[in-house]
Each structure stands twice: as C-alpha cells, then as structure tokens.
Amino acid sequence: MPASGSTMKLRSAPFLTVGLVVCALAGLAAFFSISLGGTITLPQFGKVPEFVLSDTNEKPFSSSTLLGKVWIVNFFFASCPAVCPAVNGRLASLNRIYKDNGELRLVSITIDPSNDTSQALAEYSKRFGAVPGKWDFLTGPAALINALRAHQFKIDSGDSIEFHSTRVVLIDRTGTVRGFYQGNDDQGVNQLTRDIQIVLAETGRA
C-alpha cells in the first residue's frame, strides 16, 4: 500500500464540488496552453507494458492504440457509492475541456470485473458523458487488472476492492508514466491539468 495515503476506505465525499472546479480547470488549461514554451519537463517513471482488456462494446482494447496520444488512467468500480463517482466526475470535467482535442484520451479500468461487465460499464459511463474512443471504460480478468494496479501503474497493492487508490496517472505519447495525482482532490486535479498541458506541448517524443 502506497505510503502517500492515497488508498482510502470508501466514505461519503461531496460530489457537488465537481461542478465547482470546471471553470478553474478550464482557466488553467487555457493559461498553460498559451504560456508553455516546452521548457518545463516532468519526471519519467517508466513505460507501461502493453495490455489488452475489453471495452464497453465487448471488443478487445489494446493499450498499443494509445501510442502517440497523451492519456490518463484511473481505477474504480461501478457500485462505489461516493469516492469513485467523485473522481470520475472530475475526469468528466477534464473530458469536457478537452473534448475537441484528439491528442488526449481517458481510460477508466474497473477493479470489480465480476460485476462490472462491458454492458454494465456502457450504462455507467453514460453518467459521465463518456464517448468510446475519447474516454474508454474497460473490464477484463481480475488477475490482469490487479497486476496493472500493483506492478504496472503502481498505485496500490491490487488486492482489494474496498481499499483502493484514488490516484490518476498521466502517460505521455511514448507510453511513459509522467505523474500521479489525487483524483478526489481539487488541488491534485488542478496539478494534473497543468501537467497535461506540459506533456501535450512536448515534441519529439511520439
């Protein structure tokens, strides 16, 4: 379990705050889009090996299709009462800001695949205005998903549904992890917005 305290027991969280951050996120995105000149660099935490899961249409989804794109990924489960909707709500705000930017993709992976089938995720994703191909909700074998959590994205131990990380991971065009952010925290999502612009502005890494 990460020492950062990002893994937390599910409890009630104020979902209404999601709407309050949209303008702030949009302002940050606009500011950094204008002001960044490619001089700020982010650390590199290693590449994510290719993986294949299933999308909401029950079709194979390979992470190789994300090469050449900047993407963010989080882990959740559909029956989560408060924390997961709060995180996905904040990602929905980002999705609206970047809806016309084909260089950014979002990926949300369930940690409860026995219940979160492709059909169930298709319905769940509608709550957040997700469109496949821009924001993909994925399911698959539990062993693979837990390995992704624990060993590839390194966000938690991968052995629990109730106790799970709320962190969001930023990946660049080469499949390299560039940052970890608290998805249920406004400050964390503001930092993510800033860093998205930095990675989008990078050249020569595709």
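Tell me, yes or no, whether the range 156-167 has at least one residue that is surrounded by 21 or more Cβ atoms within 10 Å (Cβ to Cβ) and among the basic types (Lys, Arg). Yes, there is a match, as at least one residue in the range 156-167 is surrounded by 21 or more Cβ atoms within 10 Å (Cβ to Cβ) and among the basic types (Lys, Arg). Out of the range 67-107, which residues are among the aliphatic types (A, V, I, L, M) and within 13 Å of the chain's Cα centre (by Cα)? Selection gives Val70, Ile72, Val73, Ala86, Val87, Leu91, Ala92, Leu94, Leu104, Leu106, Val107. Please verify whether the range 118-129 includes one or more residues that are without any contact (Cβ under 8 Å) to a residue 24 or more places away in the chain and among the basic types (Lys, Arg). Within the range 118-129, one or more residues are without any contact (Cβ under 8 Å) to a residue 24 or more places away in the chain and among the basic types (Lys, Arg). Taking the criterion of being touching an Asp or Glu at 6+ places or on another chain (Cβ under 9 Å) and basic (Lys, Arg), the residues of the range 170-206 that qualify are Arg173, Arg178, Arg205.
Take Leu138 and decide whether it is of a type in the set (A, V, I, L, M), modelled with pLDDT of 95 or more and in a strand (DSSP E or B). Answer is yes for this residue. Scanning the range 187-206 for residues that are charged (D, E, K, R) and touching a Leu at 6+ places or on another chain (Cβ under 8 Å) gives Arg194, Asp195.
The values are calculated or read from the model by the stated rules, or taken from the named source; none is laboratory data. Remember, predicted model here, so these are calculated numbers, not experimental data. Backbone-built Cβ (ideal geometry, glycine too); neighbour counts: all protein chains shown.
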